[in-house]
Structure formats: C-alpha cells, structure tokens
Amino acid sequence: MARVAMIPAWAAKGANGYLLAVVSVGLALLARLGLEAFGKFYYLPLIPAVMLPALLASRRATALAIGLSITANVVLVPRESAVDAVVNALLFAMVGAAIGEIGRARRSSQARSAELKTQLSLRNATIHAMLASAPVVTLDSRSRIVAISQPASALFRTTEREARGRAFQDFVEFFDAGIIRSAPPGEYSSDQYWLGRRSDGDVFPLGIQLAFTGDPESSEAILTLTDLSLWHSAELRSQELSDQLNQVWRMNSLGEMAAILSHELNQPLTAAASYLQASQADLGRAGILADSASRTVELAKSQVLRAGAIIRHARELLTVETHPLEPERMSSMIDDLGPIIQLLGPASDASIQIDIDNLDDRVMADRIQFQQAIVNLVRNAVEAVAERERREVRLIGRPSCSDFYEIRVEDSGPGVPPDQVERMFEPLMTTKSDGMGLGLSVTRTIVENHGGTLSVGVSSMGGAAFMFSLHRAKGEPVQ
C-alpha cells in the first residue's frame, strides 16, 4: 500500500488510468508466473492488479483491469469445464467490482477530507485575522482574563501580559458577569453601554457583545468590545445642533409673530390716536368747560402712543439678527443634519433619501439658519406623506448654473392645491388643525435673507416640490 501512495496523481486521469490497468495486470501475471514454482495460483495474484486502478483511477480503468485479468486467466490456465471457468470469472469480477467501489469510496473520502482540511485552515486563518484586528477578550468562569487581543490591549492602554489573569472589573466599571451568566436566555441585552477604564484612569463609553463557548454558568465568555467615544461625540454634536436649530426656530417664529402683531395692531392704534387727536380739537373749541375732558383725552392718547412704542420695541427685540453670509459646503451642512433628518422618517414610516452633489458645492449661507429651513421643509414633507401608501421624501442638491446651487425637497404626498399655491407662504396660513401657519412663512424669510426665492411646484413623485437657490461662493475651495 505504501508503493500505491507513491504513484503520481496524473496516473489516475484519462488514458493514464487505462495504462495503469494494463501495466498492473501485466505485472500481476509476471508475479503469478514466478509463483508457479510454489504452487498453482489462479486469480489471487491478480487481485493487486485490480486494487491499483481501484485506488488510483476511474471505474472504467478498474473494469478494464478486471476484464484483462479474467481474459488472461481463461487463456493461460486450463479449466476442467466451462462452468468452472465462468463461475471463477464471475466470482473474481464480483470481488474486483467490490474492491473498485471500496477504492472509489476511499478516494472520495480522501478528497472530501482534503477539502474540509482546506476549509478548516481558511476558517482558522479568518478567525485569527479577525481576532488580530478586533478588540476581543476571553474570560474564565470567574471573570478573569484568559486571553486578550492586541487591539483590546491597546483599547485599555495595557499589554497582554499585564492584563492576563486580572479581573475584568479592573477594566470595566460595574461589570458583573455573574448576573449575565445567570440571566435566562434571551433576557440579557449585551447592547447596553459600559464605562471602560484605561490604565491611565481615562474613562470612556464601551459597547460589549457577549458569547459563551458552552454552558453560560461554567464556560468561558468571549467579549467583543467597541469603543463608543466617537459615536457619543457625534451624538452629542447632533444634540447640540438640534438644540441650536430649535432655539433659532423659536426665535424666528417669535420674530415672525411679532412682525404680524406689530403690523396688525399698529393700524388700529394709529387710528385710535388720530381719533383722540380729533376729539381734543373738538374739545378745544368748547372752551374752558372742556379742559378737564381734554386732559383726559390727552392722557388716553399718550397711552395709545406708548402701546405702539412698546409693540415696536418688542418687535425689535424679537427680530433675529441677520449674520453675514459665509462660504459653506452644502454637503457639510446637510451631513450635519443627517441624524436629525433620519429621525423624522420613522414618525410617519417615511423613507428619506438625501442626494447632494458634493462637487464644487460651496455656497454663501448662514449655516444654522439654512439648516433650520431644510429641517422645516423636510418635516413638512414627512407630514405630507404620513397618510399616503407611498411614503417617500427626497432632498436633492444640484448646481443649477455657474452662479446658483439649487435645493429641492420633494415628496410623494397629495401636493399643493392650485388655489392655495399663492397663499402657501402667507403668515398664519395653515392646512393643519394644530398648526400656527408660521413654518413656511419663516422658511421663506430665511431663504429671502439668503437672496433666494422659495417656490413650490409638482414633484416627480406626484407630490409637492419646494425649491430655492443659493448663490455659489467664488474663490478657493473651503477645506
């Protein structure tokens, strides 16, 4: 069998298999001829001639070896009768066929074993590569560190030698593996946040994914760690931006309301002051008897004028200061809004797609004011599709020419009725039962402060499309 293993693999393919069968039978016949001095041998010396093709070649090569062996035996060995020759030939053919199938099964098993070995080696290499690049810690049943990957050591600013054997609680505050191990399956969430502690005392947010090699109560635990510092910073920045936008929105809304009230109240107050002035003139003609009434009218007129002054002063206080427009990248302003915009979609189960051309996208803008206008338009679009079967909103930004960059907010909602298009941006105009009618009015004011015009049309999805353009910035690109 050792000699069989030394035969090269090419011998098992194609015509080489048939050649192997012929050579094997020839060698077996020579061996049987050499054994004739010790006794009569018939088919027994020919069995190795069948085994070689069975182990190394195809079924057809094995069948050829069986056929040649039977032919040679019938020709070279005289038999007492034809029945004896046929019976022995059939027996040899059956034995040879069985040997051939055994050999074929062995080859298949070897091939499968080699394939599994290759897959296992590849999987082991993949696992080693993952462990080498991911922060992974292995704990024993007492929550002591058995193994720690290099990225995990770097995460805690320690070394594998220093960390091994120490309690994991030394690196993660309030970590209690006992509670985790005893929790019923499916009732413990490994997505909660932990506080990691580095060797220099620095504390940072840490995410832990947990798995066990066997029984949770006694087996080793494998922990995959994630440093959440950047994620928390981004979340904090998003919250700060949201607070800024809310503050700007409140101030803009109050300023718009103050302008409306000032405009509406100044007219009747001016008329009242005029009437009081006329009353004073009439009383003056009545003589000394009307002096007391004239003084009372004068006091009333002064209070009316004071009320007008208070209203004008309140409007000035609530008017949001207009900052000079600065060069800004459109993609950067929209990217900052990404978390806020995406939070608007789930409220109405709407899909929000952002498609901003970021090539030469520098525009002149007040960053916070512009972002507030975008959030308001997207929020209106999300509310418009809330009751629709198709709930899609698109925020699109494209350079419209060398001087302007156009922004479009489209939706698949019902659109704007033609009779309301002209009134859409008027203060106190709203189609919502709980709306104040200031949203689009404030947005229009912001756009106009940027030197643009807010307009409404029909989107490609059949709903409304609100659009405006900003002046493109000239000069060197902003980094």
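The values are calculated or read from the model by the stated rules, or taken from the named source; none is laboratory data. Small disclaimer: the values here were computed from a predicted structure and weren't measured. Heads up, the Cβs are rebuilt from the backbone with ideal geometry, glycines too, and the neighbour counts pull from every protein chain shown. These area figures cover heavy atoms from the full protein model, side chains too; ligands, DNA and RNA do not enter into them. Shrake-Rupley method; radii C 1.70, N 1.55, O 1.52, S 1.80 Å.
Determine, for each peptide in 153-166, 364-377, the mean count of other beta carbons within 10 angstrom over its residues, then list the peptides with the highest first. Working shown, then result.
On the way: 153-166: 15.2, 364-377: 22.3.
In decreasing order of mean packing, 153-166, 364-377 become 364-377, 153-166.
When both segment 350-422 and segment 136-160 are represented by their alpha-carbon centers, they are found 49 Å apart.
Over segment 330-372, give the accessible area per residue in Å² for a 1.4 Å probe, as an integer. Per-residue accessible area for segment 330-372 comes out at 43 Å².
Using Cβ point charges alone (K and R +1, D and E -1), the dipole size of segment 326-471 about the Cα centre works out to roughly 180 debye.
Neighbours of ASP349 by Cβ distance under 14 Å: Lys/Arg scored +1, Asp/Glu scored -1, total -2.
Expressed as a whole percentage, what fraction of the accessible surface of segment 18-170 belongs to carbon and sulfur atoms when a 1.4 Å probe is rolled over the protein heavy atoms? Here carbon and sulfur together make up 66 percent of the probe-accessible area. Of the solvent-accessible surface of segment 326-471, computed with a 1.4 Å probe and all protein chains present, 48% belongs to carbon and sulfur.
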